[in-house]
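Undergrad: Input: one structure, supplied below.
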Ligand SMILES: Nc1ncnc2c1ncn2[C@@H]1O[C@H](COP(=O)(O)OP(=O)(O)O)[C@@H](O)[C@H]1O
Ligand SMILES: [Mg+2]
């Protein structure tokens, strides 16, 4: 390990040059290097070609009714969601778009990509379009699309080949700019397609929001450190779930005029909470008792004269906090934590009231989410909710405490031994029996619960595998440093275990995404059901089932594929397998 | 006790430990003074590791008494974590946290166990990295360091908790010969600052120069102990003579 060097006789040499082989050489070497391989290549290529031809013949057949799709866009995406409330959906999409744009400023999108790669991509797209266009000429009848494919392909390919000669190897452009151009092209496509009226502008706004918030993110990024920025982005994403949920699932019978009559008071009450806690924590025994008595009296009184429910509950909460103050807010530090607990609790309470908790409308209204929207809600929600549950089950199963271990094992083994459909039926039919008569969850919520419960059991087994892969030396080192079991789990074993199981978790999330199509069995209209059942039965789209199934396959594939690519990047960044 | 214990920081009385039916410690009695450097030697499987792991309760003894810094280790000790954070331990296999940088390895327990502020912890970590001679490695991950560097990080990680006692379990056995020296130098410097050290090691040079006392283990018991000069010059027990002839022959 010595740093000094001693003039030894052999100086370092540059590594030997690897000669680049042409593609023809590559084909000869890899595909036709023996008689057997040559035959195999020829047979498989012929088979592949026939398959592609068959698919193209199907796609370009004059019998196909692709034109039914654009007018059905809203059906695919939101299905039965009341069209007059569609603005809620757009707003949700814009929130996600804003966050996505904001995040791209801090997450790796600041990178550069070599121009050569971009040009090569253009060339490849052109070549593919050309090949597809030419092959499709064998199908029964020509169409405008084929012309576009052939001529567009030729044009793109030509531009690509030409540009390839012009650009120098080391030129780079920012990834953001490339994405901006692709986005602009997509927006152009939106204006060109005959979509349902009233969708072009919102979609355009979505793209603009992404771009605008990318710049906002860049600006903010100059003020905040990288670390703080990442934290802000994460918090915003987490917050976006309840906010979006509020907008989509919002109790339709919620009257805003009525809400505005109590909302300011509720806000005031929440803001006043810390002052009450402060006073009680400083006051003597008698004064504190006086404050508690007063609060309790108001809380009871509010029930008697039937103030708005949110105010009543908040007063009750404040009374409880005030009573608990001497126990929990002894030191200034504890007091600060107590303030935050109050504020968080208050805001959550408000939120639940705005989201329409306790409203029986949710049950009587029947389902109102559907399409890709429902599919994504179930997949993302199911994954997000089953993650903490699964981790807890895994920890329980490896815990040294027998109660937790037995409960976890029973849960995991029971759920894993039962098909998802059974769990869905169970959720749909059995949960209402445990609720007071007349009350029920929305079908969407029951499906989400069932999927979460199901997925958590499998997730737990994956995580347990990761936990077992953490060496004993790690726990011993943590213990030797004086960490408690909880600290060791959260800081050492769990992070290492999760890193190991990322590929398995992603595989599971993808499987879950596809499994959401089973909710059709309890009467929900997820994307597949919309494509298979609902759109082909619309009066103007009768008999377009094959087209719709192909579309569904394509959409599922795009989601699953991009997800698995994203996870590859994540793995690389976390250095799975190298650290 | 036998050396007129003025201020023992570790006291062991008749400590016994079984793994199933197998008795790993058959009654160990000894004590360690504050600031003393004790080197434990003995053939493989003689219970050396088990003994020092009992001192910070990574293993639990079943009979006898162990008192560390005035606190007796029993199964109903509360806050075993607090006692452990007073006793640093360095392992043969380093056991650094592979998902954290060197800096995070050293600051983690300071922040979570010692409740120091992050900046305070980082300052101390940097000072310790200077002390063990690798301040430039702070941002790397353990997997990017050589074995000797990793072991020095592990020592810094333990020292960051300001332990009263440092335990070393064969800290150089997993290292290439050329890296052994850099770790031993750090240990020697540490002994010079008055740290209480109990080290299992077969580095006889270190034992001779640095140790105040050598303890020979065999079959779960102490066969002989004494200052290095006496221990090496005229061992009394025939078992000691045999062991010394084996390890000093080459
Ligand atoms: N966790 C354990 N389970 C069963 N036997 C063990 C365990 N740890 C150590 N032993 C046994 O106890 C004896 C002493 O081990 P150890 O203290 O590691 O010896 P040393 O460190 O001197 O080589 C050995 O025979 C070993 O096999
Ligand atoms: Mg050992």
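Readers should treat all values here as calculations from the given coordinates under stated rules, not as data from a laboratory. The structure presented is a predicted model; accordingly, all values stated were derived computationally and were not measured. Here the Cβ is made from the backbone with ideal geometry for all residues, glycine too, and neighbour counts use every protein chain on show.
Undergrad: Please average, across the residues of B:96-109, the number of beta carbons from any other chain that are within 10 Å of each residue's own beta carbon, and give a whole number. Mind dumping the intermediate values first?
TA: Details: counts 3, 8, 9, 11, 5, 0, 0, 0, 1, 2, 0, 0, 6, 8.
For this peptide, the per-residue mean of nearby foreign Cβ atoms is 4.
Undergrad: With a ≥ b ≥ c taken as the square roots of the eigenvalues of the C-alpha gyration tensor of the range B:1-138, please select rounded if a/c is under 1.5 and otherwise prolate if a/b is larger than b/c or oblate if it is not? Could you put the intermediate results ahead of the total?
TA: On the way: a/c = 1.94, a/b = 1.81, b/c = 1.07.
The shape class here is prolate.
Undergrad: Could I ask something else about it? In deg cm²/dmol, rounded to 500, what helix-only [θ] at 222 nm does chain A give when every DSSP H run of at least 4 residues adds -39500 (n - 2.57) and the total is split over its residues?
TA: Working: 22 runs with 416 residues, N = 579.
Only helices count here, giving -24500 deg cm²/dmol.
Undergrad: Can you tell me the convex hull volume per residue for the range A:257-358, based on C-alpha atoms, in Å³ to the nearest whole number?
TA: Values: hull volume 8.8 nm³, N = 102.
Per-residue hull volume (Cα only) is 86 Å³.
Undergrad: Can you give the angle from 0 to 90° between the axis of helix A:371-398 and the longest principal axis of chain A, with both taken from C-alpha atoms, to the nearest 10?
TA: The two axes meet at around 70 degrees.
Undergrad: Please list the three semi-axes, largest first and in whole Å, of the ellipsoid equivalent to chain B, using sqrt of 5 times the eigenvalues of its alpha carbon gyration tensor.
TA: Listed largest to smallest, the semi-axes of chain B are 30, 22, 16 Å.
Undergrad: Would you work out if the range A:452-579 is rounded, prolate or oblate? Take a ≥ b ≥ c from the square roots of the eigenvalues of the alpha-carbon gyration tensor; rounded if a/c is under 1.5, else prolate when a/b is larger than b/c, oblate otherwise.
TA: Numbers: a/c = 5.15, a/b = 2.73, b/c = 1.89.
Cα axes put the range A:452-579 in the prolate bin.
Undergrad: Could I ask something else about it? For residue A:309 and residue A:430, FRET efficiency with R0 = 35 Å and r from the beta-carbon atoms, rounded to 0.05? Don't skip to the answer; put the middle values down first.
TA: On the way: r = 29 Å, r/R0 = 0.83.
The value I calculate is 0.75.
Undergrad: Once the principal axes of the Cα atoms of the protein assembly as shown are found, what is the range along each, listed largest first in whole angstroms?
TA: Answer, in whole Å and largest first: 105, 91, 53 Å.
Undergrad: How big is the range A:81-251 by Rg and Dmax over its Cα atoms, in Å?
TA: 20.5, 61
Undergrad: Let me ask another. Determine the percent antiparallel among the DSSP beta bridges restricted to chain B, to the nearest 5.
TA: On the way: 21 of 38 bridges.
Of the beta bridges lying entirely in chain B, close to 55 percent run antiparallel.
Undergrad: Right, something else. Under the rule of -39500 (n - 2.57) per DSSP H run of 4 or more residues, summed and divided by the residues of chain B, what mean residue ellipticity at 222 nm is obtained, to the nearest 500 deg cm²/dmol? List each step's numbers first, then the result.
TA: Working: 9 runs with 93 residues, N = 250.
Helix contribution divided over all residues of chain B: -11000 deg cm²/dmol.
Undergrad: Compare B:186, B:113, B:198 in a GNM of chain B, Cα atoms joined below 10 Å, and give the one with the largest fluctuation.
TA: B:113
Undergrad: Calculated FRET efficiency, residue A:550 and residue A:42, Cβ-Cβ r, R0 30 Å, to nearest 0.05? List each step's numbers first, then the result.
TA: Details: r = 29 Å, r/R0 = 0.97.
After rounding to 0.05, the efficiency reads 0.55.
Undergrad: Give me a single rounded figure for B:144-150: the average over its residues of other chain Cβ atoms within 10 Å of their Cβ.
TA: Numbers: counts 2, 0, 1, 0, 1, 1, 0.
Across the residues of B:144-150, the mean count of other-chain Cβ atoms within 10 Å is 1.
Undergrad: Let me ask something else about it. What do you get for the angle between helix A:420-434 and the principal long axis of chain A? Use alpha-carbon atoms, 0 to 90 degrees, nearest ten.
TA: Roughly 20 degrees, rounded to the nearest 10.
Undergrad: Next question, about the same structure. If you count, for every residue in B:84-94, the Cβ atoms of partner chains within 10 Å of its Cβ, what is the mean? Before the final figure, lay out the partial values.
TA: Values: counts 6, 4, 1, 3, 3, 5, 2, 4, 1, 5, 2.
Mean partner shielding for this stretch: 3.
Undergrad: Considering Cα pairs under 8 angstrom that are at least six residues apart, work out the relative contact order of chain B and quote it in whole percent.
TA: Worked out over chain B, it gives 26 percent.
Undergrad: Let me ask you something else. Report the relative contact order of chain A, percent, no decimals, based on alpha-carbon pairs under 8 angstrom and at least 6 residues apart.
TA: 15
Undergrad: Next question, about the same structure. Measuring from label point to label point, each 7 Å out along Cα→Cβ, what is the residue A:563 to residue A:24 span in nm?
TA: Modelled inter-label distance: 4.5 nm.
Undergrad: So, one more: Fully extended, how many nm does the chain gain between residue B:185 and residue B:123 (0.36 nm per residue separation, minus their Cα-Cα distance)? Walk me through the numbers before you get to the answer.
TA: Details: separation 62, 0.36 × 62 = 22.32 nm, distance 2.30 nm.
Gain on stretching residue B:185 to residue B:123: 20.0 nm.
Undergrad: Which order do A:262, A:342, A:278, A:191 fall in if you start with the one that has the fewest other Cβ atoms within 10 Å?
TA: A:191, A:278, A:262, A:342
Undergrad: Extending each Cα 7 Å along its Cβ direction at residue A:486 and residue A:225, get the distance between those two points in nm, one decimal.
TA: 2.7
Undergrad: Mind pulling up the Rg/Rh value for the range A:369-523? Radius of gyration and Kirkwood radius, both on Cα. Working shown, then result.
TA: Numbers: Rg = 17.5 Å, Rh = 16.7 Å.
Ratio of gyration radius to Kirkwood radius for the range A:369-523: 1.05.
Undergrad: Arrange the following residues from fewest to most other Cβ atoms within 10 Å of their Cβ: A:157, A:561, B:217.
TA: Working: A:157 20, A:561 11, B:217 25.
Fewest-to-most ranking of A:157, A:561, B:217: A:561, A:157, B:217.
Undergrad: Efficiency by 1/(1 + (r/R0)^6): what FRET value for residue A:193 and residue A:330, r their Cβ-Cβ distance, R0 = 51 Å, to the nearest 0.05? If you can, show how the numbers build up before the last one.
TA: Working: r = 65 Å, r/R0 = 1.27.
That pair, residue A:193 with residue A:330, gives E of 0.20.
Undergrad: Order these peptides, A:39-52, B:9-22, by their mean beta-carbon neighbour count within 10 angstrom, highest first. All intermediate terms of the calculation are to be shown ahead of the outcome.
TA: Details: A:39-52: 11.3, B:9-22: 15.6.
Those peptides, ordered most packed to least, come out B:9-22, A:39-52.
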